[in-house]
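**Q** Take a look at the following structure, please.
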Amino acid sequence: MIKNMVTAIDQIAQTDPDRLMYDDLGHTNTYGELKRYSDALAARLDALKLPREAPILVYGGQTFTMLATFLGITKSGHAYVPIDTHSPLERITTIDEIAKPAAVVAVEALPTTLPDTLVITPDDLEAIFGQPAPDYVADHAVSGDETYYIIFTSGTTGKPKGVQISHANLLSYVNWMLSDDFDLPQHPRSLSQAPYSFDLSVMDWGPTLASGGTLVALPKQVTDNFKALFETLPQMDLNVWVSTPSFMDICLLEPTFDAAHYPNLQRFLFCGEELTHATAATLHNRFPAARIFNTYGPTETTVAVTQVEITDQILADYPRLPIGYVKDDTTIKVVDDQLNEVAAGTEGELLIYGPSMSKGYLHNPEKTAKAFIDWHGQRVYRSGDLGVQLDNGLIMYRGRTDFQIKLHGYRIELEEVNHYLSQEAHIKAGVAVPRYDRNHKVNQLIAWIVPEQTELTELNLTKAIKENLQGGDMMEYMIPQRFVYKDSLPMTPNGKIDIKSIIAEVNQ
């Protein structure tokens, strides 16, 4: 069991400094380098005498230098706030205004000015790394309930919210990942594809660095180019895969993405969005000996709090896959609109509490009080997610409270509609979104579809899809009234289908 993240990583660097820590398309860095770089930055930050625990922004991409910067910041007793290079300028300035950081470390050149914030430029950082601090003692690193990192998520009002994750939160999560629940390889070679500003990335770097494994980076410029992607993947020699299901769907487009061509790939870990039965079944057929895990958890509860292995039996028993069993140190309760606990098998909102639950949103007491509430004397997080807990303990995801619509008097969960669309034979990818009238009432359900290759005209394709949906388990009132065919669906920087942008376009 890991008792301190910084100590665990430094211990590996001290006992095996040449151990491979980062592999960026063949350019590698060791744990020894990670320690030297992070110690040097920590010493410089200490010398600046910044206010204890004041957050520090970090701007950059998917590089070793970013991770060394994160570790240096935590060694100096500060939380770091990752900002990806693909972030809009307004998001950068908004996060700066909300976080009120003590400094910004620009691993890559900032595309805007932050006049009231101390900026450590890329040239400054290179100079700092060039001045080692061999005697640095990390005896004042972030620990306990102090904030380790802050991930900014989208807010419903358009203003992002800074989710504070403490060292204790992170330990709860990482130790679970290193438990028998996942049985990861001893020193994993883990895919590092998610941006560091997306908490899914913690699923790769957290357990990998704590156990002395190697992060194998897949930069965005590669994932955005299918030819480069399918040329690069076979060379990565991965044994642990971490991604969203949407990114896996892209990889499954390549027929040679299978066990014969990736013989060492033995674990698949998914989080961030719903894993469909079709995706899991295809992956299971391609990699019959590998273990596939579906997980679930809001950013506010540190990446994930449930897991289930997708076996032949699970695929046979559940047309819509469960999100898993709750981890041992955490509790999930299912409640109705009045926050009364409901019986097993009854749908309701998921309340979550345990040692990986965040203390709240940075400098946002109003939003914190709304999301983190007192429930029967226990502080809990209102997830806004709908679910059902079965008698066997498995939890089934049913969608978002804010993705519920009413159409002609019927309550419809958009994600349930999307589940049925994902199962239809003519559909490669599809989502349903509401169209509103001038009174802001839903008057139509519209599906955006990426079709499988077919000789059918759009009219006959729509007819075939509707007939198949009607012949299945889908209620007639849930079937979209209109189908729009696309070559691809818009994606968020985090690799999810961008449903909000589709809703906005449909309602222009």
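**Q** Is it true that some residue in segment 325-341 is within 25 Å of residue 175 (Cβ to Cβ), surrounded by 21 or more Cβ atoms within 10 Å (Cβ to Cβ), touching an Asp or Glu at 6+ places or on another chain (Cβ under 8 Å) and at pLDDT 95 or above?
**A** Yes, the conditions are met somewhere in segment 325-341.
**Q** Go through segment 9-36 residue by residue and tally those that are in contact (Cβ under 8 Å) with a residue 60 or more places away in the chain and farther than 15 Å from residue 215 by Cβ.
**A** Of the residues in segment 9-36, 3 are in contact (Cβ under 8 Å) with a residue 60 or more places away in the chain and farther than 15 Å from residue 215 by Cβ.
This table checks each residue for (1) on the phi > 0 side of the Ramachandran plot; (2) assigned to a helix (DSSP H, G or I); (3) out of contact with any strand residue (DSSP E or B) (no Cβ under 8 Å at 6 or more places or on another chain).
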| position | (1), (2), (3) |
| --- | --- |
| 399 | yes, no, no |
| 416 | no, yes, no |
| 438 | no, no, yes |
| 443 | no, no, no |
| 447 | no, no, no |
| 450 | no, no, no |
| 461 | no, yes, no |
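**Q** I need a count of the residues in segment 12-23 that are surrounded by 15 or more Cβ atoms within 10 Å (Cβ to Cβ) and assigned to a helix (DSSP H, G or I).
**A** Residues meeting the conditions: 2.
**Q** Separate question: Working only within segment 419-454, note down all residues that are without any contact (Cβ under 8 Å) to a residue 60 or more places away in the chain and small (Gly, Ala, Ser).
**A** 425, 430, 432, 447
**Q** Of these, 233, 229, 191, which one is among the hydrophobic types (A, V, I, L, M, F, W, C), at pLDDT 95 or above, outside any helix (DSSP H, G or I) and over 27 Å from residue 161 (Cβ atoms)?
**A** 191
**Q** Can you pull out the residues in segment 56-76 that are among the aliphatic types (A, V, I, L, M) and in a helix (DSSP H, G or I)?
**A** 66, 67, 68, 71, 73
**Q** For segment 279-299, enumerate the residues that are without any contact (Cβ under 8 Å) to a residue 12 or more places away in the chain and crowded, with 23+ Cβ neighbours inside 10 Å.
**A** The answer is none; no residue qualifies.
**Q** Please identify the pairs in which a residue from segment 136-158 that is closer than 26 Å to residue 14 by Cβ and among the acidic types (Asp, Glu) has its Cβ atom under 7 Å from the Cβ atom of a residue that is buried (at least 20 other Cβ atoms within 10 Å of the Cβ) and modelled with pLDDT of 95 or more, counting only partners at least 6 apart or on another chain.
**A** As it stands, the answer is 146/166; 146/167, since those pairs meet every condition given.
**Q** Six or more apart or on different chains, Cβ under 6 Å: which pairs go from a residue in segment 493-507 that's over 25 Å from residue 222 (Cβ atoms) to one that's among the hydrophobic types (A, V, I, L, M, F, W, C) and buried (at least 17 other Cβ atoms within 10 Å of the Cβ)? Could you list them?
**A** 499/431; 502/433; 502/448; 503/433; 506/433; 506/446
**Q** Right, something else. Tell me, yes or no, whether segment 39-52 has at least one residue that is in a loop (DSSP other than H, G, I, E, B), among the acidic types (Asp, Glu), farther than 30 Å from residue 86 by Cβ and out of contact with any strand residue (DSSP E or B) (no Cβ under 6 Å at 6 or more places or on another chain).
**A** No, segment 39-52 has no match at all.
**Q** Name, by its number, the condition in (1) on the phi > 0 side of the Ramachandran plot; (2) assigned to a strand (DSSP E or B) that does not hold for residue 432.
**A** Of (1) on the phi > 0 side of the Ramachandran plot; (2) assigned to a strand (DSSP E or B), only one is false for residue 432: (1).
**Q** Look through 420, 436, 485 and report the one residue that is of a type outside the set (A, V, I, L, M, F, W, C), modelled with pLDDT of 95 or more and more than 22 Å from the chain's Cα centre (by Cα).
**A** Answer to the check: 485.
**Q** Answer with yes or no whether residue 385 is in contact with a Pro (Cβ under 9 Å, 6 or more places away or on another chain) and either of a type outside the set (A, V, I, L, M, F, W, C) or in the same structural domain as residue 168 (by TED's automatic domain parsing) (or both).
**A** Yes, satisfied.
Every residue, every condition in (1) outside the structural domain of residue 244 (by TED's automatic domain parsing); (2) in contact with a helix residue (DSSP H, G or I) (Cβ under 8 Å, 6 or more places away or on another chain), yes or no:
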residue: 283; (1), (2): no, yes
residue: 297; (1), (2): no, no
residue: 303; (1), (2): no, yes
residue: 348; (1), (2): yes, no
residue: 358; (1), (2): yes, yes
residue: 364; (1), (2): yes, yes
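**Q** Same structure again: Specify the residue that is farthest from residue 499 (Cα to Cα); the eligible residues are those in segment 446-471 that are more than 28 Å from the chain's Cα centre (by Cα), surrounded by 13 or more Cβ atoms within 10 Å (Cβ to Cβ) and not polar (S, T, N, Q).
**A** 456
**Q** Something else: Would a scan of segment 111-133 turn up a residue that is among the small types (Gly, Ala, Ser), touching a Ser or Thr at 6+ places or on another chain (Cβ under 8 Å) and outside the structural domain of residue 366 (by TED's automatic domain parsing)?
**A** Taking segment 111-133 first, the residues among the small types (Gly, Ala, Ser) are 127, 130, 133.
Keeping just the survivors that are touching a Ser or Thr at 6+ places or on another chain (Cβ under 8 Å) gives none.
No, segment 111-133 contains no residue that is among the small types (Gly, Ala, Ser), touching a Ser or Thr at 6+ places or on another chain (Cβ under 8 Å) and outside the structural domain of residue 366 (by TED's automatic domain parsing).
The values are calculated or read from the model by the stated rules, or taken from the named source; none is laboratory data. These numbers come from a predicted model, not from an experiment. Methodologically, a virtual Cβ is constructed for each residue, glycine included, from the backbone with ideal geometry; neighbour enumeration extends over all protein chains shown.
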